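Structure first, then comments.
The values are calculated or read from the model by the stated rules, or taken from the named source; none is laboratory data. Predicted model, so just to flag it, every value in this text is computed and none were measured. Cβ sites come from the backbone with ideal geometry, for glycine too, and all protein chains shown count toward neighbours.
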Amino acid sequence: MKQPSKLMATRRALSALALLALSACASAPNADPKDPFEPMNRRVSTFNDSLDDNVMKPVAKGYQAVTPGVVQTGVRNVFNNISDMWSTVNNGLQLKGRDTAESFMRVVVNTVFGIYGIFDVATPINLERHPEDFGQTLGYWGVLNGPYLVLPVLGPSTVRDTAGLPLDYYADPVGRESNVPARNSAYTLRAVEKRAHLLQTSNLLESASLDKYSFTRDAYLQYRRSQIYDGNPPDEDDTSGQK
């Protein structure tokens with residue numbers, strides 16, 4: 001139940017995933033440099049798609065159908081406010097003074113005047129969100145992207161982003177909640193809300209892509225690269241170790 005044991009369990013899971021990845025790499029000598037683990041990734045992606053089709057998407061549609069829009073917005077705002085706390089730390093680690101200050105002020109304003117973040121009162125007064133996680137912080141300090149990975153349940157990632165997950169998890173206030181039922185309920189609500197928010201995007205993806213796996217991989221890598229460089233990435237070289 002204690003956080004150190006949770007962190008250790010997460011690290012063990014990531015180590016096991018790394019061993020699986022190395023095994024997949026050995027079986028794919030002619031693989032795409034940015035995706036040497038493609039055979040394993042496709043299998044995990046298939047599992048995730050099945051889980052999404054049979055569990056997450058139906059639940060998200062039900063949540064969207066029965067939950068008033070104003071409530072959905074409030075739930076999203078609360079979790080965004082929680083995320084902004086960790087973003088404040090990561091902006092600070094990246095020496096982004098203005099972004100750190102704005103993120104901190106967003107948390108203060110929304111927590112105090114927005115009733116723990118239910119209402120987003122920071123955006124109308126021009127306090128912008130600057131979402132950052134530890135994977136982005138590692139990229140900022142020059143840690144290379146590494147190969148593309150698809151994680152069970154969690155979805156698209158990279159070696160670098162996966163390495164940052166234990167700290168992201170440990171710093172998450174939801175994960176630090178000692179009441180297990182309350183913590184699990186919060187995790188479930190956050191996952192369902194996030195999936196409901198992405199319903200339209202996923203429908204467009206399924207209708208527009210001939211190869212959903214390749215499209216998702218390329219879109220994710222481009223998106224993360226843009227995040228690392230704050231929307232202004234340099235020209236991309238054809239290498240597997242990019243930021």
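Worth a mention:
- So residue 220, is it surrounded by 14 or more Cβ atoms within 10 Å (Cβ to Cβ), modelled with pLDDT of 85 or more and farther than 30 Å from residue 95 by Cβ: no
- Selection status of residue 181, touching a helix residue (DSSP H, G or I) at 6+ places or on another chain (Cβ under 9 Å) and either β-branched (Val, Ile, Thr) or under 30 Å from residue 54 (Cβ atoms) (or both): no
- Tallying residues that are part of a loop (DSSP other than H, G, I, E, B), among the hydrophobic types (A, V, I, L, M, F, W, C) and in contact with an Asp or Glu (Cβ under 6 Å, 6 or more places away or on another chain) within segment 111-152 yields 1.
- Residues of segment 152-191 that are crowded, with 18+ Cβ neighbours inside 10 Å and farther than 16 Å from residue 83 by Cα: 156, 157, 158, 159, 160, 161, 162, 163.
- Filtered residue count, segment 86-121, keeping only those that are within 18 Å of residue 230 (Cβ to Cβ) and modelled with pLDDT under 95: 0
- Residues considered: 110, 54. Of these, the only one that is over 20 Å from the mean Cα position of the chain (by Cα), free of Cβ contacts under 8 Å to residues at least 60 places away in the same chain, within 29 Å of residue 202 (Cβ to Cβ) and exposed (fewer than 15 other Cβ atoms within 10 Å of the Cβ) is 54.
- Segment 223-243 - residue that is assigned to a loop (DSSP other than H, G, I, E, B) and of a type in the set (Gly, Ala, Ser) and, of those, modelled with the lowest pLDDT: 240
- Checking segment 89-107 against the condition returns no match, with no residue being within 16 Å of the chain's Cα centre (by Cα), of a type in the set (Val, Ile, Thr) and under 28 Å from residue 138 (Cα atoms).
- Only one of 59, 71, 78 that is part of a helix (DSSP H, G or I) and in contact with a Gly (Cβ under 8 Å, 6 or more places away or on another chain): 78
- Hits in segment 192-217 - residues which are acidic (Asp, Glu) and surrounded by 14 or more Cβ atoms within 10 Å (Cβ to Cβ): 193
- Pairs linking a residue in segment 114-125 that is within 14 Å of residue 71 (Cβ to Cβ) to a residue that is of a type in the set (A, V, I, L, M) and surrounded by fewer than 14 Cβ atoms within 10 Å (Cβ to Cβ), with Cβ atoms under 7 Å and 6 or more positions apart or on different chains, do not occur.
- Qualifying residue in segment 60-75 (condition: closer than 18 Å to residue 112 by Cα and of a type in the set (A, V, I, L, M, F, W, C)): yes
- When the residues of segment 84-100 are filtered to those that are surrounded by fewer than 22 Cβ atoms within 10 Å (Cβ to Cβ) and touching a residue at least 40 places away in the same chain (Cβ under 8 Å), the one that is farthest from residue 135 (Cα to Cα) is 85.
- Selected residue (criterion: surrounded by the fewest Cβ atoms within 10 Å (Cβ to Cβ)) from residues of segment 126-151 that are of a type outside the set (S, T, N, Q) and more than 30 Å from residue 31 (Cβ to Cβ): 128
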